[in-house]
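The values are calculated or read from the model by the stated rules, or taken from the named source; none is laboratory data. On a predicted model such as this, the values are computed, not experimentally measured, just so you know. FYI the Cβ positions are ideal-geometry reconstructions off the backbone, even for glycines, and counts take in every protein chain you see.
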C-alpha cells in the first residue's frame, strides 16, 4: 500500500515537472511569436539602398512602381533620411529627419497607429511641418503647434511646425522626426532623390525571397533578417536555455521513479527469483523493469502535458508591466499550445525514464535466484 | 541405455569463498533415470540444497558437468538455461512463492506465458492442471484467500504446467502439517506415475523419504549412501 502511494507520488512528481515544462513552453512560444510580431511589424521587411558607388537612389518613382508589381509586396515607401539639429528655446537636439510620403510609409510601417497627438496627414497639408517622437518632444519641451528650428551644415535651414507626436515603443522615439518627402528634399537640397526604399510584404517569412528578387532586378536589397540578425539569435538563445533548465527538472523528477523501482526490486526479489526459476531470462527481467520505468514516466508525462494544456488554455495570456521599452513593447504574452511541443515533451520524458530504468533493471536482472527465493 | 539416464552428473564441485573456502559439493558423480522418484537427504549443511540448485540450473558449479537429457548445461548461455528451466524443469519450494498480485489461475499460467503460449491456450492448460491438483473451484482466488496446503497445490500445478521432464522439490512439504504433507506426497506420487516425470525431492522428513524409490544421503558434500527402496509405497 505504501509502495503504491510512493509510486503514485513519483509519477506525480514527473507530472508536475512536465506540467511546468509544458506551461513554460506555451508561454515561451507565445512570447517568441509576440516579440517577433511586434518587432518585425515595426521594421521594414525589405530595405533597398543606393547602389554601392552612389549616395542616393535616382529615379526612385520607377523603382517604386517596379517593386509594387512584385507578388507579395503590400507596401512601398521611398524615404530620404539624414541628420539635422533641432532647436527650441534653450534646447538643442541632433535628430534623424525622415522625409516620407505619409500614405506610402503608413502602408509599410503602420505609422498612423503610433500617433498619440495630432496627425501624420498634416505633414502634407501644412508646409514646413514635423512629427516628433514622444521622447524627443519631451527633451525639446515642445507641444503641438510650437515651432522648432531645423538646421545642419550644408542644409537649408527651416522652421518647422510640430503637427504630431508619435510613439513607436522603440528607442527611435528619442531621435526620429518625420517630415514630408518634399520638405526633406528641400532641406537637404537634393530634389528628386531618396536614400532608401522600404518595403512591406504580406508574410515576413518570405522577406528573404522577395529581397532576393529585388536584388536581381538591380537594386541592392536586404531583408529584416539580414539587417537585424540579433533578433533571431536572442529568441533562439532564450528558449534554448529555458528548455535545458526544464529538461533537467524532468531528469531530476525521474530519480523518484528510479528510487521507487529500487524499492520494488528489493521487495519483489522473491517474485523476481521465482520468475527466473520459471524460465524468465535475465534479459527479459531487465526489460520488465525498464518498461515499467518508461510506462510510469509516460503516465506522468501525459498527466503533466494535459495539466499544462489545461492551465495554459484557462489562463489564456499573461499580462505584465514592461516598465519601459524593453522587449519591443510586448506586455501581453499569449499561452500558445502546440501539438508538436506536447508530443516532443512526452517522447523526451518517456526516453529519459527508459534510460533511468536501466539501473534498477540491471540490479533486478543480476539477482541470484537461489538467494532471492530462499532469502527472508 | 543412455537415453534413460535423464540426468548425468560428473565430478561436480561447488566451492563458496567467503574468506574461508567451503566445499558445499565435493566431486559428486550421480546418474538419475527417467521416471525415478528420488529423495536427497542429509543433515543441514550437507550440500543437498546446493546440489539441487545445480540440477535446477539456478546456480552454476565451480567445476564438473551436468548433462540434462544428454545436453551439457554448464556450457549453456543464460538464455538457453532459462529456456531449459522453463520447458524441462519444474520447481516446488518450501514456501509456495506464488505472486500475490495474481490469482491461482494466473499464477499457473505464468510459465506458459514465459514460454510464449497464447493467453487463451495457456488458460485452458492451466485450468486442466488446477483440476489435477483438485483446486478448479479456487481458480480465481488469490494467495491470501487460500490455505497453506491449497497454495502449495497451486505451486505444484504451476511447476507442472509446462509438463517438465524433471520436477524438483526443495522441502515441498516442510511448511505443512502431517495431514497436508501426506496428501501433497500422494499428489506428487500420482503425477509421477501418471506422466512418467522424474521427481527429485530434498527433504528432512525421513518418513516421506522412506516412501520414495531411491534415497541419496549426502554428508559434507559427498554421497554417503545411495540406496534403492525395494518396496516403495
| task | For segment B:122-140, state whether one or more residues are in a helix (DSSP H, G or I), within 26 Å of residue A:287 (Cβ to Cβ) and more than 14 Å from every other protein chain (Cβ to nearest Cβ). | result | yes
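Tell me, please, whether a residue that is within 14 Å of another protein chain (Cβ to nearest Cβ), at pLDDT 85 or above and surrounded by 17 or more Cβ atoms within 10 Å (Cβ to Cβ) can be found in segment A:244-259. Before you say what the answer is, go through the steps one by one.
Residues of segment A:244-259 that are within 14 Å of another protein chain (Cβ to nearest Cβ), as a first pass: none.
No, segment A:244-259 has no match at all.
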| Test for residue A:289: is it under 30 Å from residue B:97 (Cα atoms), surrounded by fewer than 18 Cβ atoms within 10 Å (Cβ to Cβ) and touching a helix residue (DSSP H, G or I) at 6+ places or on another chain (Cβ under 7 Å) | no
| message | Against the condition assigned by TED's automatic domain parsing to the domain that holds residue A:156 and over 19 Å from residue A:152 (Cα atoms), how does residue A:133 come out, does it pass? | response | yes
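If you check A:71, A:87, A:53, which single one turns out to be assigned to a strand (DSSP E or B), surrounded by fewer than 19 Cβ atoms within 10 Å (Cβ to Cβ) and either in the same structural domain as residue A:125 (by TED's automatic domain parsing) or modelled with pLDDT of 90 or more (or both)?
Of the residues listed, the single one that is assigned to a strand (DSSP E or B), surrounded by fewer than 19 Cβ atoms within 10 Å (Cβ to Cβ) and either in the same structural domain as residue A:125 (by TED's automatic domain parsing) or modelled with pLDDT of 90 or more (or both) is A:87.
Working only within segment A:175-196, note down all residues that are touching a helix residue (DSSP H, G or I) at 6+ places or on another chain (Cβ under 6 Å) and buried (at least 17 other Cβ atoms within 10 Å of the Cβ).
Residues satisfying the conditions are A:180, A:194.
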| Restricted to segment A:1-45, and to residues that are outside any helix (DSSP H, G or I) and touching a strand residue (DSSP E or B) at 6+ places or on another chain (Cβ under 8 Å), which residue is surrounded by the fewest Cβ atoms within 10 Å (Cβ to Cβ)? | A:44
| Tally, over segment A:271-317, of residues that are more than 14 Å from chain B (Cβ to nearest Cβ) and either touching a residue at least 12 places away in the same chain (Cβ under 8 Å) or over 31 Å from the mean Cα position of the chain (by Cα) (or both) | 25
| said: When you check residue A:78 against the structure, is it in the same structural domain as residue A:149 (by TED's automatic domain parsing) and in contact with a helix residue (DSSP H, G or I) (Cβ under 6 Å, 6 or more places away or on another chain), yes or no? | reply: yes
| Quick one: is residue B:107 in a loop (DSSP other than H, G, I, E, B), surrounded by 21 or more Cβ atoms within 10 Å (Cβ to Cβ) and at the interface with another protein chain (Cβ under 10 Å from one of its Cβ atoms)? | no
| task | For segment B:189-224, enumerate the residues that are assigned to a loop (DSSP other than H, G, I, E, B) and touching a residue at least 24 places away in the same chain (Cβ under 8 Å). | result | B:196, B:197, B:203, B:204, B:205, B:211, B:212, B:213, B:220, B:221
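What residue, of B:112, B:67, B:38, is modelled with pLDDT of 90 or more, farther than 26 Å from residue B:203 by Cβ and either assigned to a helix (DSSP H, G or I) or touching a strand residue (DSSP E or B) at 6+ places or on another chain (Cβ under 8 Å) (or both)?
From the options B:112, B:67, B:38, the qualifying one is B:112.
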| request: Of the conditions (1) over 18 Å from residue B:200 (Cβ atoms); (2) facing chain A (nearest Cβ under 9 Å); (3) in contact with a strand residue (DSSP E or B) (Cβ under 8 Å, 6 or more places away or on another chain), residue B:50 clears all except one; give me its number. | output: (1)
| note | Among helices (runs of 4 or more DSSP H) entirely within segment A:145-230, at least 3 residues that are without any contact (Cβ under 8 Å) to a residue 60 or more places away in the chain, more than 24 Å from residue A:119 (Cβ to Cβ) and not assigned by TED's automatic domain parsing to the domain that holds residue A:77 occur in none
| query | Can you name every residue in segment A:234-250 that is more than 18 Å from residue A:308 (Cα to Cα) and in contact with a helix residue (DSSP H, G or I) (Cβ under 7 Å, 6 or more places away or on another chain)? | reply | A:235
| note | If we keep only residues of segment B:78-104 that are in contact (Cβ under 8 Å) with a residue 60 or more places away in the chain and assigned to a loop (DSSP other than H, G, I, E, B), then the residue nearest to residue B:144 (Cα to Cα) is B:98
| Among residues of segment B:54-77, those that are within 13 Å of chain A (Cβ to nearest Cβ) and touching a residue at least 60 places away in the same chain (Cβ under 8 Å), counted | 2
| remark: Of (1) modelled with pLDDT of 90 or more; (2) buried (at least 19 other Cβ atoms within 10 Å of the Cβ), residue A:96 satisfies every one except (2)
| message | Let me confirm something: among B:35, B:47, B:116, which residue is surrounded by 15 or more Cβ atoms within 10 Å (Cβ to Cβ) and under 25 Å from residue B:133 (Cα atoms)? | response | B:35
| task | For segment A:101-111, state whether one or more residues are outside any helix (DSSP H, G or I) and at pLDDT 90 or above. | result | yes
